[in-house]
Structures are given as C-alpha cells and as structure tokens.
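I have placed the structure first, in the form of structure tokens, so that the comments after it can refer back to it.
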Amino acid sequence: MSVSRSLIIAGFLLSGLALAAVEWAARRPGSRIPTLGDVVALVMRYDLGGLPIGRLAILLFWFWLGWHFLAR
C-alpha cells in the first residue's frame, strides 16, 4: 500500500471520527449544536424559484459518494 493511499484512508477515518464526535456532542442534553439530521433537513428545505436546490444537492452528494466508493 502506498503512503499517499494510507494518508487518504487515515484522513477519511479521522473525518468519520470527527463527525461521530460532533454528532455525539449534538445529542447531549442541552446542546446547541444541530444534529446531522437537522442540518440535512435544513439543506433539503432550500428552494430557489420553486426548484428544490437542497434536495438536488443531497441527491448529487449521494451520487458522488456511491460513484467513488461503490463503483468498482
């Protein structure tokens, strides 16, 4: 395994751990940090002239994620 591949994998793992830590902090009683579900709900409500820009952004994000991690 090359060094750059190891660094990229480590970066993704650190990002996942950071996301889990923020989600854990958001779910504590009395926390003012929004949960991931709250953020996604806010993004999905975004419209521009009747066009659901937020929903398209979430769809494109899932497409990108699937293309990069599942299309092999």
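Per-structure values
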quantity	calculated
The stretch 39-54: number of residues that are part of a helix (DSSP H, G or I) and either over 21 Å from Leu19 (Cβ atoms) or among the hydrophobic types (A, V, I, L, M, F, W, C) (or both)	7
Sole exception among (1) in a loop (DSSP other than H, G, I, E, B); (2) at pLDDT below 90 for Arg32, by number	(2)
Filter result (surrounded by 12 or more Cβ atoms within 10 Å (Cβ to Cβ) and either over 28 Å from Arg27 (Cα atoms) or hydroxyl-bearing (Ser, Thr, Tyr) (or both)) within the stretch 39-52	Tyr46, Pro52
Filtered residues of the stretch 23-37 (kept if open to solvent by 60 Å² or more (accessible area, probe 1.4 Å) and more than 12 Å from the chain's Cα centre (by Cα))	Trp24, Arg27, Arg28, Pro29, Gly30, Arg32, Ile33, Pro34
Hits in the stretch 54-72 (condition: hydrophobic (A, V, I, L, M, F, W, C), open to solvent by less than 60 Å² (accessible area, probe 1.4 Å) and modelled with pLDDT of 90 or more)	Ala57, Ile58
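The values are calculated or read from the model by the stated rules, or taken from the named source; none is laboratory data. Model, not experiment: these values are computed from the prediction. Note that we place each Cβ from the backbone using ideal geometry, even for glycine, and neighbour counts take in every protein chain shown. Side chains included, ligands, DNA and RNA excluded: accessible areas come from the protein's heavy atoms. Shrake-Rupley method; radii C 1.70, N 1.55, O 1.52, S 1.80 Å.
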